[in-house]
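Have a look at the structure below before the remarks.
Bear in mind these aren't lab numbers, they're just calculated from the coordinates by the rules spelled out. This one's a predicted model, so the numbers in the text were calculated from it and none came from an experiment. Neighbour counts are summed over all protein chains in view; Cβ atoms, including those assigned to glycine, are modelled from backbone coordinates with ideal geometry.
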Amino acid sequence: MLFGKGQDKRNKDNIKGLFLKGVSKMKRRNHTRSIRRNICITAAALFLTGCGAGGSNPLDPANPVSLTVWHYYNGSQQAAFDELVEKFNETVGKEKGIYVQSYSQGSVPDLEAAVRDAIAGKVGAGEMPDIFSSYADTAYEVEQAGALANLSEYLSEEELERYVESYVEEGCIAADGTLRIFPTAKSTEIMMVNRTDWEPFAQATGASLEELATIEGVAAVAQEYYEWTDSLTPDVEGDGKAFYGRDALANYFIIGMKQLGVEIFQVENGQAALNVPREELRRIWENYYVPIVKGYFGAYGSFRSDDVKTGDLLAYTGSTTSAMYFPNQVELDDSAYAIEYMVLAAPVFDGGQRFAVQQGAGMVVGKSDEKHEYAAVEFLKWFTEADNNLQFGCEAGYLPVLKEANSKSMLDENIASQGLEVVPKTYDCLTVVFEEMGDFALYTNKSFENGSAARKVLEYHLADRAAEDRGNVVKAMEQGKSLEEASAPYITEDAFEEWYISFCDALNESINK
C-alpha cells in the first residue's frame, strides 16, 4: 500500500482497495539511488570555490579562527573526542590557524533542542555553533531553514571518493544534491549473546548459533529457551524466561522491510510516500509482536544491555556502540556472577536480502563565512583521516568512514602503531562488522519532511501495543489460564488486521502533519 503526502487516512475497505506495491516506481527509485552519490560528487566539482582544490586559503596562523563544536558524546566517547580535539589544536590546528572547542550537550534530544533554540534565537539560547553532530532528519530540518553550509564547496571530487559511498550519499540532503552532512563516524547493528548462559541451554536442547542468523530462527530459539527455562521449575507453570530483545525498533521496521524487498519510505524531493504492504508487515508483526506477547522476547530496562545485566535476556540486537555496555556480570536480587560474551552478525529475515542498518550522526557546519566554514571542513577532514578516525572508533565503538580504514588489518595496524588500548568487546564488535561488510549492504532511508515523527511511530506503535498486551497475558495466566489460552486472543488474523490498520493510519498521519 502506498500512502502519499496529503492523502487522508483510509478505512479498512479503502486500505484493501488502494494496496499497491509500486514495483515500477521502486525500479525507478533504485536507479535514482544508484546515481545519487554520483550527483553529489559531480556537485562537489561544480560548486568548488577553489578552497578544497588547492585554491586561496582564507586562514592566517597569526590570527587563528576559533570554532565551537556541539555534540552528544558522554563518558568514554566524550573523552575520546576531546582527546582528538586537543591533538588537533596542538598540531594541524596550530599550524593552520584553527582552534577547536568542543561541548557536550548531554544527549541527542538535548543537542537537537539546543540547535533549534539557537536557530530560533530564543532568549537564553547559545549562539549557533560552527559544527554540530546531527542525524539526517534533524540536519534536513536545519537545511530547510537555510542554516547549513554547502560542504561541496570545500571538498574536491578526489577527496569525496575516499569516503564510503553510502555515507556520502546520506549527507547529500540539499535540493541541488550538494553535501550538507560530513560523515565522521558511523555504526550498524550486531547481535550480542551471553555465552555463559547460552552454553548450558544449547547443550540441553541442541540449539545452535547458526539458528540465530535469521530473525525467524531467533524467534524459534527464543520459544525453545522459554520452554526450557519453564521446565526447570516443574512446580511452577508459565515462568519461562525471555531470550531476546532489540534496541531501536524503528530499525527493525526499516531494515526488515528492506530485507524483504520493500522500501517503507519512498522519498522524492523531501516528500515521502509510504509503502506498507500487508504480507511483509505480517512477517514484521509475527516475528516481534507475537514473541513479545508470549514472553519469548522482552524489553524491560532503558536498553537491552540493561536486561542482559539483570538476567532477563540472553541476547539482543543493538548498535555497535552498545558493545561497550554489554555487562561483565549478571546481577540478580541477591547474587551476581560473571559472564562471557559473543558477538554475531545481526539476524536477517529468512530468504531476505542482506541489508544492515547504516546509522550514526555526522557533523554539519553552520552557514557563516568562508573562513569559518573552510576551517570547519579542515578539522573534519583531519578527524576522519584513518589514524584519527580509528582511534575514535576503538574507544567509542564507531566505524571509520574512509574506505581504506574499514578493515581488520588497518585496525590492527593502528592499534599497534598508536599503542591503543581497546576494550575487547569493542574490538570484537568492529572486526565482526568488518568481516561481514562484504556480504551486507548498508542502508538508511532518505531524509524527508516529518521524518522524525514517522520514525517515532515505527519506534513506539508496535512496541507499546506489544507491552500492553503482554501485560494482559500475564494477568490472565495469573488467573489460571495457560500461555496458549491467555495469548490466543492477541495473535489472531483479526488482531493483526486491527493493528495493521491502526499502524498505517498513525504512520500516514505522521508524515502529513
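Against the longest principal axis of the chain, how steep is helix 23-47, in degrees 0 to 90 to the nearest 10, with axes from Cα atoms? Taking the Cα atoms of the chain, the angle to 23-47 is about 20 degrees. Along its three principal directions, the equivalent ellipsoid of the chain from the Cα gyration tensor extends over semi-axes of 41, 29, 20 Å, largest first. In terms of other Cβ atoms within 10 Å, Val85, Val293, Val364, Val474 run from fewest to most in the order Val474, Val85, Val293, Val364. Here is the tail figure for region 159-317: Cα pairs spaced more than 28 Å apart come to 37 percent of all pairs. Each of Glu169, Glu83 was scored by other Cβ atoms within 10 Å of its Cβ. Listed from fewest to most, they are Glu83, Glu169.
In the chain, the longest principal axis of the Cα atoms and the axis of helix 493-511 are about 20 degrees apart.
Remark: Glu331, Glu459 ranked as Glu331, Glu459, counting other beta-carbon atoms within 10 Å and listing the fewest first. In order along region 223-231, the Karplus-derived 3J(HN,Hα) couplings, from 6.51 cos²θ - 1.76 cosθ + 1.60 at θ = phi - 60°, round to 5, 4, 5, 4, 5, 5, 5, 5, 5 Hz, and Gly and Pro are given as x. You can think of it this way: the chain between Glu509 and Lys408 has 31.9 nm of extra reach, that is 0.36 nm per residue less the Cα-Cα gap.
Taking the C-alpha atoms only, the angle from helix 370-383 to the longest principal axis of the chain is near 50 degrees. Pairs exceeding a 29 Å alpha-carbon distance, out of Lys241/Lys446; Lys294/Lys425; Lys309/Lys475; Lys96/Lys408; Lys367/Lys446; Lys309/Lys446: Lys241/Lys446; Lys294/Lys425; Lys96/Lys408; Lys309/Lys446.
Of the options Thr317, Gln266, Ala386, report the single residue whose Cα projects farthest towards the positive end of the charge dipole of region 264-395 (beta-carbon charges: Lys, Arg +1; Asp, Glu -1). So the residue furthest toward the plus end is Gln266.
3J(HN,Hα) couplings calculated from phi for region 79-85 with the Karplus curve 6.51 cos²θ - 1.76 cosθ + 1.60 (θ = phi - 60°) are, in sequence order, 4, 5, 5, 4, 4, 6, 4 Hz; Gly and Pro show x.
Put simply, the amide H of Val348, placed in the peptide plane, has neighbours under 5 Å in Thr214, Ile215, leaving out anything fewer than 5 places away on its chain.
Helical runs (DSSP H, four residues minimum) scored at -39500 (n - 2.57) apiece and divided by the length of the chain put the mean residue ellipticity at 222 nm at -15000 deg cm²/dmol. Of the residues Met477, Ala463, Ala453, the one whose Cα sits farthest towards the positive end of the charge dipole of region 411-513 is Ala453 (charges of +1 on Lys and Arg Cβ, -1 on Asp and Glu Cβ, taken about the Cα centre).
Take the alpha carbon gyration tensor of region 84-191, find the square roots of its eigenvalues, order them as a ≥ b ≥ c, and report rounded if a/c is under 1.5; if not, report prolate when a/b exceeds b/c, else oblate. Because its axes are fairly even, with a/c under 1.5, region 84-191 counts as rounded.
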